[in-house]
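For reference, the structure discussed in these notes is given below.
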Amino acid sequence: MPIFTCVDLSDNGFHGEIPKVVRELRLLLALNLSHNSLTGPIPPSFGNLAALESLDLSFNKLSGRIPSQLTNLTFLEVLRFWYNNLVGPFPKASNLIHLKTTFFEGTWVCVDYHCQRNVAMMKDHNKHKMRKIMEME
């Protein structure tokens, strides 16, 4: 299997659950699956994408809670979950020390006081803007 570091599959009309093959791209730095019609929960196995710096699942129909395994993504800087059917508390994010930008608008995700304070201080520096390319090593 080729090694992908940046995958942008946004706005492709995909539907159904997130494919298992995406969950196996362990060297991925950026993943953009936004603006599709993906359904079901966010896979807990996304927590195994240890190198991930940017995750955009916005504007889908994902449901359920945000899996606590996402707090294993210690390099994560950008997290975008806008306009999904996500509910419940955001997992304790003490491991997410690099997290600079989060977007939960249009969801029913709530955060505890500690996360609210951090979210208020986060800014989008457009440092890791998703590109419509796939990079291979």
- [ ] Please find, within segment 35-64, the residue that is surrounded by the most Cβ atoms within 10 Å (Cβ to Cβ) out of those that are of a type outside the set (A, V, I, L, M, F, W, C) and at positive phi.
- [x] 35
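Might you check whether a residue that is exposed (fewer than 13 other Cβ atoms within 10 Å of the Cβ), among the aliphatic types (A, V, I, L, M), at pLDDT below 95 and touching a Leu at 6+ places or on another chain (Cβ under 9 Å) occurs anywhere in segment 19-32?
Of the residues in segment 19-32, the ones exposed (fewer than 13 other Cβ atoms within 10 Å of the Cβ) are 20-21, 24, 26-27.
Next, from what is left, pick out any that are among the aliphatic types (A, V, I, L, M): 21, 27.
Checking the rest, the ones that are also at pLDDT below 95 come to 21, 27.
Then keep just the ones that are touching a Leu at 6+ places or on another chain (Cβ under 9 Å); that gives 27.
Looking for residues that are exposed (fewer than 13 other Cβ atoms within 10 Å of the Cβ), among the aliphatic types (A, V, I, L, M), at pLDDT below 95 and touching a Leu at 6+ places or on another chain (Cβ under 9 Å), one finds at least one in segment 19-32, hence yes.
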Task: Unmet requirement for residue 18, which otherwise passes all of (1) out of contact with any Pro (no Cβ under 8 Å at 6 or more places or on another chain); (2) free of Cβ contacts under 8 Å to residues at least 60 places away in the same chain - done: (1)
Open item on the list: Is it the case, given these coordinates, that residue 10 is more than 24 Å from residue 96 (Cα to Cα) and surrounded by 15 or more Cβ atoms within 10 Å (Cβ to Cβ)?
Closed with: yes
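Quick test for you: out of 46, 59, 75, pick the one residue that is closer than 18 Å to residue 24 by Cα, free of Cβ contacts under 8 Å to residues at least 60 places away in the same chain and touching a His at 6+ places or on another chain (Cβ under 7 Å). Walk me through how you get there before you give the answer.
Details: 46 fails: touching a His at 6+ places or on another chain (Cβ under 7 Å); 59 fails: closer than 18 Å to residue 24 by Cα.
Going through 46, 59, 75 in turn, just one is closer than 18 Å to residue 24 by Cα, free of Cβ contacts under 8 Å to residues at least 60 places away in the same chain and touching a His at 6+ places or on another chain (Cβ under 7 Å): 75.
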TODO: Using the structure shown, decide if residue 67 is under 14 Å from the mean Cα position of the chain (by Cα) and surrounded by fewer than 17 Cβ atoms within 10 Å (Cβ to Cβ).
DONE: yes
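The values are calculated or read from the model by the stated rules, or taken from the named source; none is laboratory data. Given the structure is predicted, the values throughout are model-derived calculations rather than measurements. Positions of Cβ are backbone-derived with ideal geometry, glycine not excepted, and every protein chain shown enters the neighbour counts.
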